[in-house]
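The values are calculated or read from the model by the stated rules, or taken from the named source; none is laboratory data. These numbers come from a predicted model, not from an experiment.
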């Protein structure tokens, strides 16, 4: 897993500080899903759970 690639994805987000309660969205492609891979990013001032669909997860090196 390359946390620098994940950090670059997170930096592109338009973060809304009011929580949204919905299913998951892939951090990279924004596809809606009910099941997702997730990792905890604790780098670059972020401490956040990041979700990925299967395709994008494989693209960044998740199994």
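Worth a mention:
- Subset of region 22-39 [modelled with pLDDT of 90 or more and over 15 Å from residue 12 (Cα atoms)]: 31
- Scanning region 52-61 finds one or more residues that are in a strand (DSSP E or B), at pLDDT 90 or above and within 11 Å of the chain's Cα centre (by Cα).
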